[in-house]
Amino acid sequence: MFKTPFKKPRSIKIQINEFKHGFLSSVNALIKFNKYTFSWEFLTSTIIRWIAVITMFVDHFAFVALTPLDKNYVSMRIIGRIAFPIFGFLAGLGINYTSRKLYYVLRFLILAIVIHVFVLIFYFTNISTQLEPLYLNIMYILFLGTLSGFVHTKNNLIGFGLIISIFVILFSLEAFPIRATINSSSFRFYIDYQTYGYSVIITSYLAYYYFNKINHEYKLIFFKIAFIISFILINIIFNQIGFTSNIQLYSLVTIPLFLFYSFKKPYSHFILTIWFSSAYAISFILPALTLF
């Protein structure tokens, strides 16, 4: 008998019950701590992703709709420093976790292109955002980071070659900026977070990839320690060589989130998946609409 390859949609009742179970599980996790992973079980990827999204909205509102002369501009940009380290950390873990690695990688590329189309629309319709036509959004750096991880999982040697190559290219673009003239105005070509962002993603990916192979009950604690130390060094080094501003050092406040991060699989729902996938684009579009 022929069987359809499609799953039968879950009923509303089943989805409600799953939501109740997920909610109660999250409440119970508030008082649970795993000593083997040094994890507060409430602090799952979903929880810290919410923190990243909220702080990202604050940051992008200032970046798009305000100017550096506005009194709240700097404080809102400081709040926004919390967002990227979380996204980079989760992207590095995600390419390790997911069984659909190529889909995971290409999703970032598709989102990057869609967002860039809006950036070009805003620029060529004379909407006065701070987004420039040669600005490549953060999704491009997440794409490059996860692509490197994907290739590394297939072939470690080729993967390391790609990682080094991309790092050198990004570093060179920062050290020797490329500019182009559009409509009589000169613009710099750059990718958001550039070498710094790529380093955070790759550090998360490689640290988990190798420490997870260790046959030791505290291996995930070792991963956390390695990532946190590397994250601190990345912030200090890139600040000292002038590749990041002083306010980027505020990103170090995310360290407790990484230290107590829970590896427990969180409650998931397709609505949450859609929301988190589209939140970055929405965080640019909504502030831009206020400028019409």
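Nothing in this text is a laboratory measurement; each read-out follows from the coordinates by a stated rule. Computed from a predicted model, the values in this text were never measured in an experiment. Methodologically, a virtual Cβ is constructed for each residue, glycine included, from the backbone with ideal geometry; neighbour enumeration extends over all protein chains shown.
Taking other Cβ within 10 Å of each residue's Cβ, how do ASP70, ASP192 sort, fewest first?
Listed from fewest to most nearby Cβ atoms, that is ASP70, ASP192.
Over the chain, how many percent of alpha carbon pairs lie in each 5 Å bin up to the one with the longest distance?
Taking every Cα pair in the chain, the percentages come to 1, 5, 10, 14, 17, 17, 14, 10, 6, 4, 2, 1, 0, 0.
Rounded to the nearest 0.05, what FRET efficiency is calculated for TYR218 and ARG179 with R0 set to 45 Å and r the Cβ-Cβ distance?
The computed FRET efficiency comes out at 0.35.
Once both axes come from the Cα atoms, what is the angle between helix 83-97 and the longest principal axis of the chain, in degrees from 0 to 90, rounded to 10?
50
Quick one: among LEU90, LEU134, LEU69, which has the greatest mean-square fluctuation in a GNM of the chain with alpha-carbon springs under 10 angstrom?
Greatest mean-square fluctuation among the candidates belongs to LEU69.
What angle do you read, to the nearest 10 degrees and between 0 and 90, between the alpha-carbon axis of helix 156-175 and the longest principal axis of the chain?
In the chain, helix 156-175 runs at an angle near 30 degrees to the longest axis.
So how tilted is helix 138-154 from the main axis of the chain? Cα-based, degrees 0 to 90, rounded to 10.
50
Could you please state, rounded to a whole Å, how far the C-alpha centre of region 106-128 is from the C-alpha centre of region 272-286?
If you average the Cα positions of each part, the centres end up 13 Å apart.
Any idea what the relative contact order of region 87-179 is, in percent, if you count C-alpha pairs under 8 Å spaced at least 6 apart?
For region 87-179, the relative contact order is 28 percent.
Order of LYS32, LYS264 from fewest to most other C-beta atoms within 10 Å?
LYS32, LYS264
Could you work out the relative contact order of region 40-289? I mean the mean sequence separation of Cα pairs under 8 Å and 6+ apart, divided by the number of residues, in percent.
30
Cross-link list LYS154/LYS264; LYS154/LYS219; LYS71/LYS265: which exceed 31 angstrom alpha carbon to alpha carbon?
LYS71/LYS265
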